[in-house]
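The values are calculated or read from the model by the stated rules, or taken from the named source; none is laboratory data. A quick note: this is a predicted structure, and the numbers were derived from the prediction, not measured. Cβ coordinates were reconstructed from backbone atoms using ideal geometry, including for glycine residues, and neighbour counts include every protein chain displayed.
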Amino acid sequence: MNADTLRGHLDALLLSVLEEEPRHGYAIIEELRRRSGGALNVPTGTVYPALRRLERIGYLSSEWAKVGGRKRRTYRLTGAGRAHLLDARSAWREFTAVIGSVLEPTPSEGG
């Protein structure tokens, strides 16, 4: 999938993946890939800066944890992050409805 397509939606995708449980960066990337059927292959150079930014603004918290014998930073959704995710989902539904009505118009009545 084209990286430009993700622009503006990466934050919501990352928050969504962390909604169920805390994960470390590579597990987040793998979950994005799994949920998208392999269509989303977001590079680490995109994901890690976004995670740090989301933590700075209070949507995520993190802690170091041992995962598979390795020390990894594990990210968790905060209350503010959950609220932002709800807003992002609502905005996404509105956006897709509007764009869908333009790209796939329904025949007008009596037309």
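Sub-9 Å Cβ pairs linking a first residue in region 89-105 that is surrounded by 10 or more Cβ atoms within 10 Å (Cβ to Cβ) to a second residue that is hydrophobic (A, V, I, L, M, F, W, C), at least 6 apart or interchain, are R89/A12; A91/A12; W92/A12, ordered by first then second residue.
Taking the listed residues L54, L40, the one that is of a type outside the set (F, W, Y), part of a helix (DSSP H, G or I) and surrounded by 11 or more Cβ atoms within 10 Å (Cβ to Cβ) is L54, with no other qualifying. Residues that are in contact (Cβ under 8 Å) with a residue 60 or more places away in the chain, surrounded by 13 or more Cβ atoms within 10 Å (Cβ to Cβ), within 25 Å of T96 (Cβ to Cβ) and under 10 Å from the mean Cα position of the chain (by Cα) do not occur anywhere in region 20-34.
Exactly one residue out of E30, E63 is farther than 15 Å from L10 by Cβ and part of a helix (DSSP H, G or I): that is E30. Just one of the listed residues (V42, V17) is at pLDDT 95 or above, under 24 Å from R93 (Cβ atoms), within 14 Å of the chain's Cα centre (by Cα) and among the hydrophobic types (A, V, I, L, M, F, W, C), and it is V17. The residue that is modelled with the lowest pLDDT, among those in region 57-66 that are aliphatic (A, V, I, L, M) and surrounded by fewer than 17 Cβ atoms within 10 Å (Cβ to Cβ), is A65. Of the conditions (1) surrounded by fewer than 18 Cβ atoms within 10 Å (Cβ to Cβ); (2) part of a helix (DSSP H, G or I), G8 clears all except one; give me its number. Among (1) surrounded by fewer than 18 Cβ atoms within 10 Å (Cβ to Cβ); (2) part of a helix (DSSP H, G or I), the lone unmet condition for G8 is (2).
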